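Encoded as C-alpha cells, the structure appears first; notes follow it.
Only the coordinates and a few stated rules stand behind these numbers; no lab work does. Every value quoted in this text rests on a predicted model; they were computed, and no experiment measured them. Note that each Cβ is placed from the backbone with ideal geometry, even for glycine, and that neighbours are counted across all protein chains shown.
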Amino acid sequence: MTIQSNGAPGSAALRAANKASAKGLVIKNLNKSFGKTHVVKDLNLDVRPGEFLVLLGPSGCGKTTALRMVAGLEEVQSGSITLGDRDVTTLPPKYRDVAMVFQSYALYPHKTVAENIGFPLKMQGIDIAARTQAVEDAAKQVQLDSLLARYPRQLSGGQRQRVALARAIIRRPSVFLMDEPLSNLDAQLRGFMRAELKHMQHELGVTTLYVTHDQIEAMTLAHRVAIISDGALQQLGTPKEVYNDPANLFVAGFMGSPPMNFIKGRVADNRLQGSGIDLTLSGSLEGAEVTLGFRPEDAEVVDPGLGLFDAEVYAVEMTGEQTLVTITLDDAHFVVKMPKDYEAEVNSLVGVQFASANGYLFDTNSGERLRSGAVA
Amino acid sequence: MTTEPSLSPMNRSLFARLFTPQVIGKMPPGTQFFVYTALILWSLFVLFPIYWVFITSFKEAVDVNRGPFFIPWVDFTPSLHAWRELFIIDYEDTLTAYANSIVIALFSTGLCVMIGSMAAYALARIQYKPKFGTIALFVGIMIVASVAIAKAGLDWRIAMAVAIAVFVVLARALGPKFKASLGNGDILFWMISQRILPPIVVVVPIYMMFQNVRLLDTHLALILTYSVVNLPIVVWLMYDFFVSIPKDLEESAQLDGATRFTTFWEIVLPMARPGLAATTLLVMILAWNEYLLALFISTTKAQTMPILVAAMNAGERGILWWSMSVVIVVMIIPVVAMAIVLQRFISKGVLLGAVKG
Ligand SMILES: Nc1ncnc2c1ncn2[C@@H]1O[C@H](COP(=O)(O)OP(=O)(O)OP(=O)(O)O)[C@@H](O)[C@H]1O
Ligand SMILES: [Mg+2]
C-alpha cells in the first residue's frame with residue numbers, strides 16, 4: 001500500500017489519482033433516539049465522491065450524533081449507511097475506513113506529535129521507517145514538521161487542531177468526518193484554518209462530511225450544505241442555492257448574517273396585509289397566512305413614500321464596511337444593509353424598498369416556501 | 001481555559017479564603033515562623049519513632065533495659081550484635097522471610113493490579129445489567145448443592161456439575177422473565193463490601209480451604225489470598241481514574257484501527273499511570289505489612305517478615321527489642337525505595353492537552 005505519493009502534495013497527478021479512488025457516502029433513512037428523544041429523524045444524504053459536504057444546524061440538532069453513526073461509534077436504529085459499494089451500517093469503526101476529527105481533537109496526551117500522527121499507521125502494522133516518512137509528509141502538509149517531538153500539552157489550540165488533522169489525513173481514508181474542528185480557535189486563526197482546510201481537501205480530494213453550527217464556515221467550505229433542524233434535513237444544496245433559494249422559513253432565517261427579515265400577514269384581494277403594511281401580490285394566494293422575507297443586503301432605505309412601506313429608524317450601526325440600519329414597524333425590527341457612508345436620524349421616517357425578485361414568501365403555519373406568488 | 005482573576009484577599013468570601021491553600025513564602029513573618037515551627041514539630045513527631053527503632057537495633061540488652069537512651073556513643077555504645085545474629089548466625093530464617101515477603105508482595109500486587117484494573121476498566125466503560133433474579137437463582141442452587149454435599153454425602157464433583165447444569169437451564173428459561181436488574185454501581189459496591197467484613201471472620205474458612213487443597217504454608221496460598229483481598233481496593237480506586245479519561249480518546253483510537261485491548265494497553269493505561277502507581281504502592285504496602293492472614297496460612301516455609309517480627313516477642317528470652325528493630329529497619333527499606341520509584345508517576349497533568357478545554 002502506498003501511504004504517500006512521491007509527487008508534491010499539490011501535483012495534478014496525485015489529485016487525479018485521489019479523485020479517481022474517492023468513494024461516495026450514501027445515508028438512507030437514518031434514525032436515532034436516545035430514550036424518548038428522537039435525535040436524528042429519517043436523514044437522507046448522498047455525499048458524492050470527493051465532495052465536501054457540510055452538515056449545518058443549530059446546537060443540539062443532532063449533527064454530532066449523525067456523524068458518530070457514520071463513524072460507527074453510535075448504533076444505528078434504522079436506516080443504512082453505504083460507503084463506496086460497501087454497506088457499513090453495522091460494521092465496527094475500525095473496518096469502515098473513515099477518519100474523524102473530534103470536536104475535542106482527542107489527542108493522545110502521553111504521545112508526542114509524531115506518535116499521535118503515526119498512530120493509525122502503527123495500528124495498521126506499517127513498519128517504522130515507512131511510518132516516519134509518512135508522518136513527516138503529513139506534518140509538512142499542515143505545517144507541523146518543526147513540532148514533531150512535542151507533546152500535545154505544549155501546543156497551542158491551532159497546533160493541536162492541526163495534529164488532529166494530520167492524524168486524519170495520514171491514513172488516506174475513504175471519508176473524512178470532522179466535528180466542528182474550528183470551533184475552539186480564535187476568529188483570526190479560524191479564518192486561516194478554514195482556508196487551509198479547504199485547500200487541503202481540494203488537494204487530497206477525499207470525500208468529507210463536516211459538521212458545524214457556523215453558517216459562514218458552511219458557506220465558505222462546502223460544495224454542498226445540508227441544513228438540519230431538530231434532527232431532520234431541511235434543505236440540501238450548494239451554498240448559493242440554500243442562500244438564494246431557501247426551501248423554508250428555517251433555512252431562510254438560519255442562513256445569512258444579519259438574518260433575513262420577516263413580515264407576517266394575510267392575503268386578501270391580492271394584497272398582503274399585516275401590521276403597518278399593505279403590499280400588492282401577484283399570483284393566487286387568496287386567504288393564506290403568509291410571511292414575507294427579505295434579506296438586509298437586498299433592501300435599501302429610501303425617502304418616505306418611495307418604498308414598499310414606511311417605517312421609523314430605530315438604530316444606525318457602522319461596521320466599517322457598511323452601515324446597518326435597524327428600522328421598526330409596529331414593534332417588529334428589520335435590518336437593512338446600506339453603504340458605509342449612509343447616514344440617518346434615529347426616529348426619522350424612511351421608506352424600505354426591495355426588488356420583487358428579492359422578496360420570499362412562506363406559508364406562516366407550515367414554514368414552507370410559497371413559489372406561486374411574488375411581491376408585485 | 002480561563003485564568004483565575006487575581007482578587008485581593010479582602011474581595012473573596014470567607015469560604016474561599018479558608019479553603020485556598022496558602023503559600024508559606026507569601027505569609028507574614030510571624031505566621032511563617034509559626035507554620036514552620038508546627039511543621040518541624042510534626043516532622044519530629046513522625047520521624048522520631050523511626051529514629052528510635054533505628055538506634056535500638058544497635059543496642060545491647062542492658063542499654064534497652066536500663067531506660068530510654070537516645071544518643072549513640074554518649075548514652076550507650078552502639079553494637080552490631082543484633083545485626084550479626086540475624087544476618088550472620090541466623091541468616092537463613094531472616095533471609096528466607098525477607099525473600100518470602102518480597103516475592104509474595106510483588107506477585108500478589110502484580111496479579112491484583114492487573115486483574116483489578118481490567119475489571120475497573122470494564123466497569124467504567126461497559127454497562128452491565130445483571131438480573132437480580134438470575135443472581136438469586138445462582139445463590140439458591142449453590143446453597144442446595146452445598147447442603148446436598150454436606151448432609152447427603154454427595155460427591156462434590158457430581159453435585160457441582162448438576163447444580164451448574166440446572167442453573168444454566170433455569171437461567172435460560174426464566175432469564176427473560178426477571179425484570180429487576182442491577183447496574184455497574186451495584187457491582188462496584190458489592191466489590192468494596194467485601195472489604196467491610198473484618199478479615200478475622202474469614203480466616204478460618206480460608207485456612208480450611210488451603211488445608212483441603214494442601215496449599216498451606218506455600219507462597220501461592222499467600223499470593224492468591226492477598227490478591228483476592230486487595231482486589232476490591234484496586235477496582236475501587238482505578239474505576240475513578242478510568243471514568244475520568246475522556247471517552248473521545250478511546251473512540252478516536254478505535255477509529256484509528258485499535259482493538260479494544262490495544263486501546264486499553266496503548267491509550268488508557270498510560271493515562272491512568274498516576275492512579276496505577278498510587279494504587280500499586282498502596283496495595284503493595286498492605287500486602288507487605290499483612291499479619292493476620294499470614295499468621296494462619298504460613299508457618300515456616302512461607303513465613304513473612306511481619307510474622308518474624310511478632311515471633312521476637314514470644315521466645316523464652318523475653319522480648320528481643322534489638323532484633324525486632326533490625327527486622328523493622330530492613331522492612332522499611334523496600335517500601336521507601338518503592339515509594340521513591342513510584343513517586344515519579346504520581347503526578348498530575350497526564351491528561352493535559354488531550355481535549356480542548
Ligand atoms: N449519549 C446520549 N444520551 C442521551 N442524549 C444524547 C446523547 N448524545 C446526545 N444526546 C442528545 O441528542 C441531541 C443531539 O446531540 P448532538 O450532540 O448530536 O448535537 P449537536 O448538533 O452536535 O450539537 P452541538 O452543535 O452543540 O455539538 C441533544 O439534545 C443531546 O442532548
Ligand atoms: Mg456536536
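Which whole number of Å³ per residue matches the convex hull of the alpha-carbon atoms in region A:23-175?
Hull volume over Cα atoms, normalised by residue count, gives 131 Å³.
Between 0 and 90 degrees, the angle of helix A:113-123 with respect to the longest Cα principal axis of chain A falls at about 70 degrees. Charged side chains reduced to their Cβ positions (Lys and Arg at +1, Asp and Glu at -1) give chain A a dipole of some 2380 debye around its Cα centre. Tell me, what is the FRET efficiency for A:T37 and B:I88 to the nearest 0.05, using R0 = 60 angstrom and their Cβ-Cβ distance as r? Here the calculated transfer efficiency is 0.20.
Principal axis analysis of the Cα atoms in the protein assembly as shown yields extents of 119, 78, 57 Å, listed in decreasing size. Placing dummy labels 7 Å off each Cα toward the beta-carbon, the span from A:D245 to B:V46 is 7.6 nm. Calculated from DSSP H runs of 4 or more alone, at -39500 (n - 2.57) each and per residue, what is the 222 nm mean residue ellipticity of the protein assembly as shown, nearest 500? The helix contribution divided over the protein assembly as shown gives -14000 deg cm²/dmol.
Listed by chain and number, the lysines whose alpha-carbon sits under 18 Å from that of A:K140, ignoring those within fewer than 8 places in the same chain, are A:K198. The modelled label-to-label distance between A:N270 and B:R195, using points 7 Å beyond Cα along the C-beta direction, is 8.6 nm. Take every pair of alpha-carbon atoms less than 8 Å apart whose residues are at least six positions apart; their mean separation over the length of chain B yields a relative contact order of 25 percent. The alpha carbon gyration tensor of region A:260-375 gives principal lengths a ≥ b ≥ c with a/c of 1.5 or higher and a/b greater than b/c, which makes the shape prolate. The simple Förster model, with R0 at 45 Å and r as the Cβ-Cβ distance, assigns B:Y207 and A:S78 a FRET efficiency of 0.15. Going through the DSSP H helices of chain B, which span 30 Å or more along their own axis at the Cα atoms while scoring at least -0.5 as a mean Kyte-Doolittle hydropathy? Span-like helices in chain B: B:29-56, B:91-125, B:219-244, B:321-343.
Out of every Cα-Cα pair that region B:47-120 contains, those further apart than 13 angstrom amount to 74 percent. Give the separation of the Cα centroids, region A:334-374 to region B:220-288, in Å. About 63 Å separates the Cα centre of region A:334-374 from the one of region B:220-288.
Take every DSSP beta bridge whose two residues both sit in the protein assembly as shown; close to 75 percent of them are antiparallel. The alpha carbons of chain A stretch over 77, 47, 41 Å along the principal axes, in descending order.
At q = 0.21, 0.22, 0.24, 0.26 Å⁻¹ the log10 of I(q)/I(0) for region B:142-199 amounts to -0.90, -0.89, -0.88, -0.90, computed by Debye summation with a single uniform scatterer per C-alpha, solvent ignored. In region A:55-103, the alpha-carbon atoms span a convex hull of 94 Å³ per residue.
Built from the Cα atoms of region B:163-228, the convex hull projects on average onto 6.9 nm², one quarter of its surface area. Dividing the radius of gyration of the alpha carbons in region B:76-184 by their Kirkwood radius gives 1.33 for Rg/Rh. Note on B:A311 and B:E60: the extension gain reaches 88.5 nm, defined as 0.36 nm multiplied by sequence separation minus the Cα-Cα distance. Computed from label points 7 Å out along Cα-Cβ, the spacing between B:S244 and B:M142 is 3.4 nm.
Report D for region B:15-143 in µm² per second (integer): Stokes-Einstein, Kirkwood Rh on Cα pairs, 10 °C, 1.306 mPa s. Using the Kirkwood radius from Cα pairs, D works out to 72 µm²/s. Spatially, region B:57-108 and region A:218-267 are offset by 85 Å when compared through their Cα centroids.
Evaluate the Debye formula for chain B with equal point scatterers sitting on the alpha carbons, no solvent, and hand back log10 of I(q)/I(0) at q = 0.07, 0.09, 0.13 Å⁻¹, in q order, two decimals. Result of the Debye calculation: -0.51, -0.80, -1.23. Loop-located trypsin sites (Lys or Arg not before Pro) in region B:220-328 (DSSP state not H, G, I, E or B) with no more than 13 neighbouring Cβ atoms inside 10 Å: B:K301, B:R317.
With a threshold of 31 Å on the Cα-Cα distance, the over-threshold entries among B:K26/B:K247; A:K28/B:K177; A:K32/B:K247; A:K240/B:K247; A:K36/A:K122; A:K23/B:K129 are B:K26/B:K247; A:K28/B:K177; A:K240/B:K247; A:K36/A:K122; A:K23/B:K129. When the alpha carbon coordinates of region A:169-272 are projected onto the principal axes, the ranges are 64, 29, 23 Å, largest first. Largest first and in whole Å, the equivalent-ellipsoid semi-axes of region B:198-340 read 39, 20, 11, each the square root of five times a Cα gyration tensor eigenvalue.
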